[in-house]
Amino acid sequence: MRLHFLGTGAGMPSMSRNVSAIALSLVPEIGQIWLFDVGEGTQHRIQRSSAKAHLVTRVFVTHLHGDHLFGLPGLLSSRGFEAGPATDVDVYGPPGIATFVQTCLEVSSTRLAFAVRCHELTGGEVIAADGFEVTALPLDHVVPCLGYRVAESARPGELRVDRLLEAGIRPGHKFADLKAGRVVTIGGRRFDGRDYLGPERPGRVIAYTGDTRPCANTVELARDADFLIHEATFGDDHAGAAAHFGHSTFTQAAGIARDARVRRLLVTHISARYSDSELERLVADAQSIFPETAVVCDMDEVDVPRR
C-alpha cells in the first residue's frame with residue numbers, strides 16, 4: 001500500500017499545491033489503484049507520479065465541491081488512451097455524483113471503452129472490494145460530505161514450523177497447503193493447517209476525511225487506524241472561519257487523531273494563505289497534541305507498512 005498525494009491544497013490551486021486528490025496504490029496487493037477525490041488537474045498530476053491512470057478501478061468522492069470533483073470527467077475521458085487494458089471504473093460519492101458524471105460525459109459527447117458505474121452513498125455503507133472493506137460515514141461540512149475508512153482483510157498467522165517439526169512433518173511441498181489452512185494427509189495422518197498457524201495478523205487501515213468540522217464520525221472512521229489523512233485548512237488563528245466554512249484547524253485534526261488512537265496523522269487540504277514558516281508553526285502546534293503529525297505536500301509518496 002502506497003499513498004500518492006496528487007493535490008493537497010484547499011479551495012483553489014496554487015503554485016505549490018493543487019486541489020484535492022489522493023491515489024492509494026494497491027498494485028502489489030490486487031493490481032489496482034483507488035482514487036480519493038479528483039480535483040481539477042488530477043490527470044496531470046497522476047502522469048507525474050508513479051501511479052498509472054489505467055490501473056484506477058475505484059474512485060471515492062467525499063463531496064460535490066469542485067475542488068474535490070472537477071478532475072473526474074477529464075480523468076475518465078483520457079484514461080482509455082493510456083497503455084494497458086481499459087478496465088471498468090466504479091465511482092462512489094454522495095447523491096448527485098451519478099448525474100454529474102453522466103451529464104459531463106453526455107454533453108461533451110465522450111465515448112468510453114469501459115463502463116463507469118456510479119454508486120450514490122448517504123453514509124453507513126460498507127463496500128467489500130477485493131480483500132478490503134471501505135466504510136463510508138457522513139461528516140460535518142456545509143454540503144453532504146463523506147469520510148472513508150479502508151480496511152485490509154486480516155492475514156493468516158505465520159506457519160509454526162517448530163510445531164510441524166515436533167509433529168514429525170518435514171519441510172516440503174505440503175507446507176504451502178498447511179500455511180493456507182488446508183487439511184493434508186501425510187503418512188496416513190491428517191493434519192489441519194489451522195492448528196499450525198500463529199495468531200491472525202491484522203490488516204492495515206487508512207482513514208480519509210473530506211472537508212469537515214470535528215465530529216464523532218471522524219473519530220469512528222479513524223479508530224486505531226494506521227494513518228489518518230485529515231484536512232486542516234486553517235490554523236487556530238482562523239478557527240472562526242474554519243467553523244463557518246465547515247473545516248478543521250491543525251489542532252482540531254490532532255485532537256481527532258489522539259482520540260482515535262491512530263498511529264500517524266497526515267494533514268492535507270492546506271489554505272494557500274500559509275507560508276512554509278507558518279506551516280512549521282502550525283505543525284508544531286498539532287504535534288503538541290499528537291506528536292506523530294506531519295503535513296503532506298503535492299507529489300509526496302508514503303508507504304503504509306504492515307504492522
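The values are calculated or read from the model by the stated rules, or taken from the named source; none is laboratory data. Computed from a prediction, not measured in an experiment: that's the story for all the values here. Please note: Cβ atoms are built from the backbone with ideal geometry, for glycine as well, and neighbour counts cover all protein chains shown.
Considering only segment 176-206, state which residues are assigned to a loop (DSSP other than H, G, I, E, B), in contact (Cβ under 8 Å) with a residue 24 or more places away in the chain and not hydrophobic (A, V, I, L, M, F, W, C).
Answer for segment 176-206, where residues must be assigned to a loop (DSSP other than H, G, I, E, B), in contact (Cβ under 8 Å) with a residue 24 or more places away in the chain and not hydrophobic (A, V, I, L, M, F, W, C): 181, 198, 199, 200, 202, 203, 204.
Could you tell me whether segment 207-227 includes any residue that is in a loop (DSSP other than H, G, I, E, B), within 21 Å of residue 133 (Cα to Cα) and basic (Lys, Arg)? Write out each step before concluding.
Going through segment 207-227, the residues in a loop (DSSP other than H, G, I, E, B) turn out to be 209-215, 223-226.
Checking the rest, the ones that are also within 21 Å of residue 133 (Cα to Cα) come to 209-210, 223-226.
Still in the running and basic (Lys, Arg): 223.
Yes, segment 207-227 contains at least one residue that is in a loop (DSSP other than H, G, I, E, B), within 21 Å of residue 133 (Cα to Cα) and basic (Lys, Arg).
Select from segment 31-50 the residues that are among the aliphatic types (A, V, I, L, M) and at pLDDT 95 or above and list them in ascending order. Walk me through it before giving the result.
Pass one, segment 31-50, residues among the aliphatic types (A, V, I, L, M): 33, 35, 38, 46.
Within segment 31-50, 33, 35, 38 qualify.
For segment 133-166, enumerate the residues that are of a type in the set (Gly, Ala, Ser), modelled with pLDDT under 95 and either within 30 Å of residue 211 (Cα to Cα) or loosely packed, with under 12 Cβ neighbours inside 10 Å (or both).
Matches in segment 133-166: 153, 154.
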Check your understanding: If the Cβ limit is 7 Å and pairs must be 6+ apart or interchain, which residue in segment 8-21 that is in the same structural domain as residue 62 (by TED's automatic domain parsing) pairs with which residue that is modelled with pLDDT of 95 or more and polar (S, T, N, Q)?
Key -> 8/268; 9/18; 10/233; 17/8; 21/42
Exercise for review: For residue 130, state whether it is under 30 Å from residue 180 (Cα atoms) and either surrounded by 19 or more Cβ atoms within 10 Å (Cβ to Cβ) or under 17 Å from the mean Cα position of the chain (by Cα) (or both).
Suggested key: yes
Check your understanding: Which residue pairs have Cβ atoms under 9 Å apart, sit 6 or more places apart or on different chains, and have a first residue in segment 25-49 that is more than 21 Å from residue 230 (Cα to Cα) and a second that is assigned to a helix (DSSP H, G or I) and polar (S, T, N, Q)?
Key -> 43/77; 43/78
Exercise for review: Could you tell me whether segment 101-118 includes any residue that is in the same structural domain as residue 268 (by TED's automatic domain parsing) and crowded, with 21+ Cβ neighbours inside 10 Å?
Suggested key: yes
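Out of the residues in segment 101-132 meeting the condition of being among the acidic types (Asp, Glu) and touching a residue at least 12 places away in the same chain (Cβ under 8 Å), tell me which one is farthest from residue 72 (Cα to Cα). Give the steps one after another, and end with the answer.
Filtering segment 101-132 for residues among the acidic types (Asp, Glu) gives 106, 120, 125, 130.
Add one more test, that the residue is touching a residue at least 12 places away in the same chain (Cβ under 8 Å), and what stays is 120, 130.
Working: 120: 15, 130: 23 Å.
Filtering first and then ranking leaves 130.
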Check your understanding: Going through segment 206-219 one residue at a time, which ones are closer than 18 Å to residue 268 by Cα and of a type in the set (A, V, I, L, M)?
Key -> 206, 207, 219
